[in-house]
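Let me begin by presenting the structure, written as structure tokens, before commenting on it.
Values in this text are rule-based calculations from the coordinates and carry no lab data. What you see is a predicted model; the values in this text were computed from it and never measured. We place every Cβ from the backbone using ideal geometry, glycine too, and count neighbours over all the protein chains shown.
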């Protein structure tokens, strides 16, 4: 019996039936048509669904297994990278052992693009791609769940409660351990939800969850079997920076932010098609453990992520502007920084983008870019 059937990615023999179901799903076809041609989709919904179906049918005609699905996704990635980035670089990939399977724990800035960029680097280097941990909060529509699981995603059942939650997390832990044992890489974010304020911090609870399947063992022993490698993903420009600032401003002024059914989809689409500038993916070193304290281990992961984070002119400019306006947070107290020379064209471009943002959002917007500078400096002062 397949105990992981409800959470695992689709297997080779499931890929084609799921694709055939998707390309006849009216809601999915309407979503695709609205994404590419919103006005025409409103005027001629039935016609645009037919066009979307025909186009998709041609694109996935040769897909019959996981590998051929990954090839199709790589084609989409090539176009997205060409359209939305100015450069894409990586470091540390050559230090990975090709005979090992790793659990990559990365900072979390974008719902889909974080694991996509990790996958892209591995794929182009001839390595196995990752299985991706995806929260069920993003899978409110069946076709979204299908799309994620077609792309080697497995489901983190966050919506469970009580005893069911405990059982679900134990099953999830067992699944990830099995992936590593059987030769699959895994990707998971360092925390639940994106770092909307630019502060990258690993949750100790995540590490406890990873070890739940073997909770009778010391934490360090269980984690050692997962071959954890921290990954730091840095975007010169966050395609969702305004959306994040709006959420943080709403929480600050009203005490809460309520998502509607389109909020996550809006963030996913913005992250995919929005401008990112220079992107860097830094693979760290496999974790070694001197403690069973989850918070101490989390701090060690954070240290690697912060040290390998690629700071850009956008980060330094944001810090300068916060300082000028007297908006620096308490975490910046005592931080001594030596800034590199900022390019004039970088400053002009950043200020042009900032000028298009509602002034009430400026502080949160700037903090999301400046906090990596502050975090790096504080981390170095603690080293």
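Values computed for the structure shown
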| quantity | calculated |
| --- | --- |
| Antiparallel bridges, percent of DSSP beta bridges restricted to the chain (to nearest 5) | 20 percent |
| Listed peptides 198-204, 30-36, 101-107 by packing density, highest first (mean Cβ within 10 Å) | 101-107, 198-204, 30-36 |
| For the chain, built as a Gaussian network whose Cα springs stay under 10 Å, the top-fluctuating residue of 343, 288, 208 | 343 |
| Relative contact order (%) - region 311-383, alpha-carbon pairs under 8 angstrom, separation at least six | 58 percent |
| Computed [θ] at 222 nm, helices only, for the chain once each DSSP H run of length n ≥ 4 contributes -39500 (n - 2.57) | -16500 deg cm²/dmol |
| Top of 274, 126, 168 by mean-square fluctuation, Gaussian network on the chain, Cα under 10 Å | 126 |
| Three-way shape label, region 338-383, alpha-carbon gyration tensor, a/c 1.5 | oblate |
| Relative contact order, percent, the chain [alpha-carbon distance under 8 Å, six or more residues apart] | 20 percent |
| Potential lengthening between residue 100 and residue 137 on full extension [0.36 nm per residue; Cα-Cα distance subtracted] | 10.2 nm |
| Protection proxy ranking, peptides 67-77, 233-243, 326-336, average beta carbon neighbours within 10 Å, highest first | 233-243, 67-77, 326-336 |
| Overall Cα dimensions of region 57-209, principal axis frame, Å, largest first | 44, 37, 35 |
| Added length on full extension, which subtracts the Cα-Cα distance from 0.36 nm per residue, residue 330 to residue 55 | 93.7 nm |
| Cα gyration tensor category, rounded, prolate or oblate, for region 240-351 with a/c compared to 1.5 | rounded |
